[in-house]
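Undergrad: Before I ask anything, here is the structure I am working with.
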Amino acid sequence: MKLVTFAPISNSSAPTSNSSASNGAPSDLRVGILRGDLVFDLKTLSPQLPSDMIGFLAAGKPALDIAAQTVQQAHLKQGISLSSVRLAAPIPRPGKIMCIGLNYRDHAKESNQPIPEFPTLFAKYSSCVIGPDEPIVIPALTDKIDYEVELAVIIGRQARHVSEADALNYVAGYVPFNDVSARDYQMRTSQWTIGKTFDTFGPMGPAITTADEVPDPQSLDISLSIGGEVLQHSNTRELVFTVQQLISVLSGVMTLEPGDVISTGTPSGVGAARNPKRWIKAGEVVRIEIEKLGVLSNPVVNEN
């Protein structure tokens with residue numbers, strides 16, 4: 001299944017910067033299942049299910065089974081056209097966003113860094129999250145804004161001290177993620193977080209593709225383009241640390257909760273490593289595509 005968080009356009013204002021994180025009352029956003037160009041509203045079809053994505057994921061397999069059965073039995077006329085809804089980030093306010101640096105061999109090489117022997121961890125904060133088609137805002141403080149296509153893992157149930165062999169059983173699904181970065185701020189300190197967590201620097205979406213549809217997260221084509229030019233293209237088989245290894249390592253340090261996000265790193269081709277450097281600019285659209293997961297597109301604007 002493809003799980004989405006959405007708001008009917010008739011009940012919400014037009015998308016604005018970071019609107020998925022700050023949009024109106026919580027009741028404006030609903031959990032749905034995306035099938036083709038239709039969204040099925042679980043609040044209407046299965047009122048007994050939690051109405052927010054983290055609550056839905058925390059309800060576990062029984063909730064997923066009810067949702068799948070409900071949508072399977074639903075008539076097409078019960079679906080809402082994609083043109084009549086606004087998709088928010090699937091998880092508008094994740095409890096944790098854990099990002100892994102230098103996790104593709106070719107990216108470590110282009111960054112003039114050794115291949116890590118242990119995962120390089122940094123954080124992004126939930127206030128940076130935006131959804132599909134919401135604008136990435138270039139802040140007034142800097143124009144050195146870079147793109148990073150990444151496979152993000154969504155945790156489905158509480159995890160602590162999980163073995164690699166059991167790790168995928170804790171995954172709810174996967175989603176495209178863009179680790180937008182202000183490179184000058186990032187490099188002002190040995191700790192990268194300040195350059196990674198400006199408002200709007202966490203585009204996510206369009207949907208969480210449930211884990212049953214991605215039996216092997218280590219075999220997905222992954223790419224990023226701007227204006228038709230492909231700037232990044234690789235496959236998740238090139239990850240230094242696998243999804244299983246990351247879950248095992250991180251759960252040994254902290255309790256992972258439903259809705260937590262692990263963004264697994266980016267391949268080569270980032271703007272900072274190009275000559276000349278290639279920063280994103282207002283007026284462009286950054287397009288991410290990951291096999292089986294779909295396309296995430298975001299326009300770029302300047303801060304007012």
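The values are calculated or read from the model by the stated rules, or taken from the named source; none is laboratory data. It should be emphasised that the depicted structure is a prediction, and the values quoted were computed from it without experimental measurement. Note that each Cβ is placed from the backbone with ideal geometry, even for glycine, and that neighbours are counted across all protein chains shown. Please note that ligands, DNA and RNA were not included when accessible areas were found on the heavy atoms of the full protein model with its side chains. Shrake-Rupley method; radii C 1.70, N 1.55, O 1.52, S 1.80 Å.
Undergrad: Just to be sure I follow the rule: in the chain, considering lysines 8 or more places apart or on different chains, how many pairs have Cα atoms under 24 Å apart?
TA: 24
Undergrad: Still on this structure: Could the peptides 224-234, 126-136 be put in order, highest first, of the mean number of other beta-carbon atoms found within 10 Å of their residues?
TA: Details: 224-234: 16.0, 126-136: 22.7.
Per-residue mean Cβ counts within 10 Å order the peptides as 126-136, 224-234.
Undergrad: Something else: Kindly report the accessible area of the chain per residue (heavy atoms of protein chains, probe 1.4 Å, no ligands, DNA or RNA), in Å². Write out the running numbers ahead of the final one.
TA: Details: 12910 Å² over 304 residues.
Solvent-accessible surface per residue comes out at 42 Å².
Undergrad: At a probe size of 1.4 Å, how large is the accessible area of ASP41, to the nearest 10 Å²?
TA: 10
Undergrad: Kindly express, to the nearest 10 degrees and within the range 0 to 90, the angle between helix 243-253's C-alpha long axis and the longest C-alpha principal axis of the chain.
TA: 90
Undergrad: What is the percent carbon and sulfur in the accessible area of the chain, measuring with a 1.4 Å probe over the protein chains and ignoring ligands? Write out the running numbers ahead of the final one.
TA: Details: 6600 of 12910 Å².
Taking all protein chains in place, the chain shows 51 percent carbon and sulfur surface.
Undergrad: Could you tell me whether the range 109-159 comes out rounded, prolate or oblate from its Cα gyration tensor? Rule is a ≥ b ≥ c as square roots of the eigenvalues, rounded for a/c under 1.5, then prolate if a/b exceeds b/c, otherwise oblate. Before the final figure, lay out the partial values.
TA: Working: a/c = 2.21, a/b = 1.11, b/c = 1.99.
Cα axes put the range 109-159 in the oblate bin.
Undergrad: On to the next question. Exactly which trypsin sites (Lys or Arg not before Pro) in the range 72-177 are in a DSSP loop and have at most 13 other Cβ atoms within 10 Å?
TA: On the way: sites: LYS77, ARG86, LYS96, ARG105, LYS109, LYS124, LYS144, ARG157, ARG160; in loops: LYS96, LYS144, ARG157, ARG160.
Listed in order of number, the matching sites are ARG160.
Undergrad: Which one, LEU246, LEU141, LEU220, has the greatest fluctuation when you compute a Gaussian network model over the chain with C-alpha springs under 10 angstrom?
TA: Greatest mean-square fluctuation among the candidates belongs to LEU141.
Undergrad: Against the empirical 2.2 N^0.38 Å scaling, what ratio does the C-alpha Rg of the range 216-304 come to? Don't jump to the answer; show the numbers that get you there.
TA: Numbers: Rg = 15.6 Å, N = 89, 2.2 N^0.38 = 12.1 Å.
Working it through for the range 216-304, the quotient is 1.29.
Undergrad: Calculate how steeply helix 60-73 sits against the longest principal axis of the alpha-carbon atoms of the chain, using the helix alpha-carbon long axis, and give the answer as 0 to 90 degrees to the nearest 10.
TA: 60
Undergrad: Using the Kirkwood radius over C-alpha pairs as Rh, can you work out the diffusion coefficient of the chain via Stokes-Einstein at 4 °C, viscosity 1.567 mPa s, in µm² per second?
TA: Values: Rh = 19.3 Å.
Estimated diffusion coefficient is 67 µm²/s.
Undergrad: Continuing with this model, one more query. Take every DSSP beta bridge with both residues inside the chain and express the antiparallel ones as a percent of the total, to the nearest 5. Spell out each step's value before the answer.
TA: On the way: 54 of 62 bridges.
Here the antiparallel bridges make up roughly 85 percent for the chain.
Undergrad: So what are the three principal axis dimensions of the range 181-242 from its Cα atoms, in whole Å, longest to shortest?
TA: Principal-axis extents of the range 181-242 (Cα, largest first): 40, 30, 23 Å.
Undergrad: Here's another thing I want to ask about it. If you plug each phi of the range 122-134 into the Karplus form 6.51 cos²θ - 1.76 cosθ + 1.60 with θ = phi - 60°, what whole-Hz ³J(HN,Hα) values come out, in order, with x for Gly and Pro?
TA: Each residue of the range 122-134 in turn: 9, 10, 10, 9, 5, 5, 8, 6, 9, x, x, 6, 7 Hz.
Undergrad: Can you list the GluC sites (Glu not before Pro) in the range 72-173 that are in a DSSP coil and have 13 or fewer other beta carbons within 10 angstrom? Please list the in-between numbers first.
TA: Working: sites: GLU110, GLU117, GLU148, GLU150, GLU164; in loops: GLU117, GLU148.
Answer by residue number: GLU117.
Undergrad: Determine the calculated [θ] at 222 nm for the chain from helices alone, applying -39500 (n - 2.57) to every DSSP H run no shorter than 4 residues and normalising by the residue count; nearest 500 deg cm²/dmol.
TA: Numbers: 7 runs with 49 residues, N = 304.
Calculated mean residue ellipticity at 222 nm is -4000 deg cm²/dmol.
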